[in-house]
Amino acid sequence: MSTDPQQPAPGTESETPSAPKSGAVPDSAAESTSASVPESAAAVAPATAKESLFRRLFRTRSARVWTVAVLAALTGVALLGGPGTIAYLSDQASGPTATISAATGISATATATLDTVTTGTSRTIVAAPGTGIVPGVRAQRIRFVVTAAATNPVQTKISGTITATATDLGVTMYGRGALKIGAEGSAGCTVSGAQLSAGKITATLTQTPNTTLKPGASCTIDVTVAVPATADDGGDVARELRELKSSPLAAFKLDATLTQVPRSEERP
Amino acid sequence: MKFRPRLIALGVGLALAAVGIPTAVTGAYLTTTASASADTALGNWCSVPDPAKKANVYALSDFQSVGSSRVLIVPVVRSAQFASTEGIANTTDGLGVRLWGCADKIPAGSVRVSAWRGTGAPTAGDWSVAPAAGNLAAARLNPAGALGSSLRALADGTGGQAIDPATGVAASTSRYSWLVDANRNRSDRVGAVPACGGKDCVVAPTGAAALDSVFSGNAAATPSGAVHGNSAVYLAANYYAPGGTWPKTPAGTAAPASAHPTVLTPPAAGTNPLEDTTGSVLQWVVLEWTGAQVPPSFEIEVFAG
């Protein structure tokens, strides 16, 4: 405030003429004003004959007062108005600084293992050695394992989808009840709401509450794909598909997202 | 210190920008993604028709025990019940059997299949399972009954050897259609014609065929002769004329022996096919096998047409 009384007269007088000069003759402007002025003057675009809005905002005392007041008000709104901002600030204050650092974020791995499992026996169907689905006798099981990295600084929960993209044969079989897909999750992972759309079966992956994944923990989802010996329409599937042995049926893809849970939802 | 409004403005602007950043960048919590995939496919297998779905398919393990052999006797007519389960090239359009199985190594044992012209309707006591509502494929003649016993005697080559004075033809010759016996093997679905010089010859089944010579247990087997994948098809043939008489020449004398396919015609509406004696509507098919054990997939399909 002590500078205020001195500033008005010389400030307005020296700055007002110096601005046009600074554009035209920068050297003389540097001499007549303080050391800091050339920096700001240099930053400002070369002045034209008409005064810029920026300059008009600070030319007179009353303009400066209004301008500062408006900027202060805007700052206040920005600081107080955004709930996200406030949450961020409080979260940062309550936890170690490292948890927010991008350098040590969270990571996860997902694996898929394909197994052939025996589901039953049949008098009329004999499975040949090897892998693959055999109607009524052998199914395939895909075991998806999603593991939260041991280095994760926070607990996480899983969301995502399992998508089965079926071949034409797979779609036809599914429509006749000759392709059965089951999914089962462990450690709080649940699979639900399988829907067929445009040749794709999509199921939703969620995490039951209070089963958050601690660092290093994993959850398993078993998807079992089986072909019954008898279709819904009574057809003998093994005989009907006898020329289609070893045909691909469906490709299964798991897309999982691990999201940090709020501190309040972390398990002890 | 001098009041520097432009610096203040710059500072306030930077402060506003800085305050804005957390909202934009850390509005959500930390996340990461992971994905994995796997493909499923059909495997490889061998299969046979399911007797539970196809009534004209008979599993060997379901046969009835008579002495040391296991027997099944069914009345066969040309109808939807006896349509072949899967399309096969049947150039004779006749009666036939298809031997099904899945086995890398076909076990020891033997099988014999013959078909016989009927001589009149069976009595109620001749049945193990009487035909219900015209369902002949599910019916079973009692192999130990009067009709069953006489058919078994014909089937093992001991009955009907004498020449019938009334017709001049042996009973076996006048009723027999050969399907599977010791003369048969996988190389030919039509052949194995028993020798017969003329009207007074006696044709009858020989011994049973080894399972390994008439069954095919490999789903990938190339079609050849009687073999069609893991099945083998054999067609019936006989020497007699409809009704059991010997064929005649245009001049009215006994014709030279000539085997021909056993072809059935669908029963006329309102008739009882079991009363047929021509051999053109009804055939009694006698299935039998011996052996310690066969795989559960071994079965015999009987088809007409």
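The values are calculated or read from the model by the stated rules, or taken from the named source; none is laboratory data. Predicted, not measured: the structure shown is a model, and the values here were computed from it. Glycine gets a Cβ as well: all are built from the backbone with ideal geometry, and neighbour counts include every protein chain shown. Side chains included, ligands, DNA and RNA excluded: accessible areas come from the protein's heavy atoms. Shrake-Rupley method; radii C 1.70, N 1.55, O 1.52, S 1.80 Å.
Here are the numbers for the structure shown:
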| quantity | calculated |
| --- | --- |
| Exposure of A:D233 as accessible area (Å², to 10), given a probe of 1.4 Å and all protein chains | 100 |
| Where the stretch B:57-304 is the region considered: accessible area per residue in Å², 1.4 Å probe | 38 |
| Cα-based Kirkwood hydrodynamic radius, the stretch B:102-165, one decimal, Å | 14.2 |
| Accessible surface ranking that places the most exposed of B:D200, B:D62 first, with a 1.4 angstrom probe | B:D200, B:D62 |
| Pairwise burial A:B, computed as accessible area of each alone minus the pair, summed, 1.4 Å, Å² | 5300 |
| Percent breakdown of C-alpha pair distances by 20 Å bin, ordered from the shortest bin, for chain B | 30, 43, 6, 5, 7, 6, 2, 0 |
| 20 Å tail of the calculated P(r), the stretch B:196-290, as % of Cα pairs | 57 |
| Extension gain from B:A153 to B:K248, taking 0.36 nm per residue of separation minus the Cα-Cα distance | 31.4 nm |
| Chain B, relative contact order in percent, only Cα pairs under 8 angstrom and at least six apart counted | 32 |
| Mean shadow area of the stretch A:106-265 over all directions, Cα convex hull, nm² | 10.2 |
| All-pairs Cα distance distribution in the stretch B:96-213, expressed in whole percent, bin size 10 Å | 12, 36, 34, 17, 1, 0 |
| Selected from B:G145, B:G229, B:L179, residue furthest toward positive end of dipole (the stretch B:57-304; charges at beta carbon) | B:L179 |
| FRET efficiency, B:I88 to B:N183 (Cβ-Cβ, R0 25 Å, nearest 0.05) | 0.70 |
| Sites A:D233 and B:C196 - FRET efficiency at Förster radius 45 Å, r taken between beta-carbons, to 0.05 | 0.40 |
| Dipole magnitude (debye, nearest 20) for the stretch A:106-265, charges at Cβ of Lys, Arg, Asp, Glu | 260 |
| Only Lys, Arg (+1) and Asp, Glu (-1) charged, at Cβ; chain B dipole about Cα centre in debye | 1320 |
| When each of A:K180/A:K253; B:K54/B:K248; A:K200/B:K54; A:K200/B:K53; A:K245/B:K105 is checked by Cα-Cα distance, pairs over 28 Å | B:K54/B:K248; A:K200/B:K54; A:K200/B:K53 |
| Rounded to the nearest 10 Å², the accessible area of B:Y240 at probe 1.4 Å | 10 |
| Positive-pole candidate from B:P51, B:W100, B:Y29, dipole of chain B, charges at beta carbon | B:Y29 |
| A:L57, B:L264, reordered so the largest accessible area comes first (probe 1.4 Å) | A:L57, B:L264 |
